[in-house]
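Some notes on the structure that comes next.
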Amino acid sequence: MIDQGLLLFLASVVVISLSGIIVPGPLLAVTIAKGPEGPHAGAWIGIGHGLVEIPLIALIALGFGTIFASRPFTVGVGLLGGAMLVYLGAGIVRARGALTAGAVDLPYRSLPAGALATLVNPYFFVWWATVGAALVVKASAWGVVGLVLFGIVHWSCDLAWYWLVTVALARGAGGAGRLPRAIYFCSGLLLIGFGLWFLWGAAGGR
């Protein structure tokens, strides 16, 4: 039987995870842009996100969390990630007409897009170096079982949320699941905006 303290901790993980997930960010913008691939595109994006996140949890548990909060690391990720987000966002804005017509697709399929959007977001690493690291430390009080359950619960929240987003978008856009040009335009602008924000932060702004 699972310890009641562990159950309460896992319940808090759900609340904390969802509070972070629902805040708009690069991964949500990518999820919206990948909607035409079908209602299950969000699940693949969640899996791609997990391919980055699960190993990161293991590294934090091993004591590498301080690296992700260091200035050189966040600056490097901010510069590279910001430039990549601006590039991807501009591509979405330029191609929105062809995308809604089904003539072309974004450069990456849903799974690698989920992993890429995660890797280029410096605030993802900052969150894990602070809030996430505190949760990892708490989970380690229950040993390997606590860490494994924590990872599963947190990632399941990510998976469920992004899957729900593409399911909702597909139902709202008709059987083909194609989003109108306005949504593509907004998701592209969001990526450009986040990219510029990351570049500004890496250059010394706040």
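Below is a table of values for the structure above.
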{"item": "By accessible area with a 1.4 Å probe, ligands and nucleic acids excluded, highest first: order of ARG94, ARG71, ARG171, ARG109", "result": "ARG171, ARG94, ARG109, ARG71"}
{"item": "Rounded if a/c under 1.5, otherwise prolate or oblate - the stretch 4-85, Cα gyration tensor axes", "result": "oblate"}
{"item": "Rounded, prolate or oblate (a/c below 1.5 giving rounded, otherwise prolate when a/b exceeds b/c) for the stretch 115-155 by Cα gyration tensor", "result": "oblate"}
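The values are calculated or read from the model by the stated rules, or taken from the named source; none is laboratory data. Predicted model only: the values in this text are computed from it and were never measured. Note: accessible area is taken over every heavy atom of the protein model, side chains too, but ligands, DNA and RNA are not part of it. Shrake-Rupley method; radii C 1.70, N 1.55, O 1.52, S 1.80 Å.
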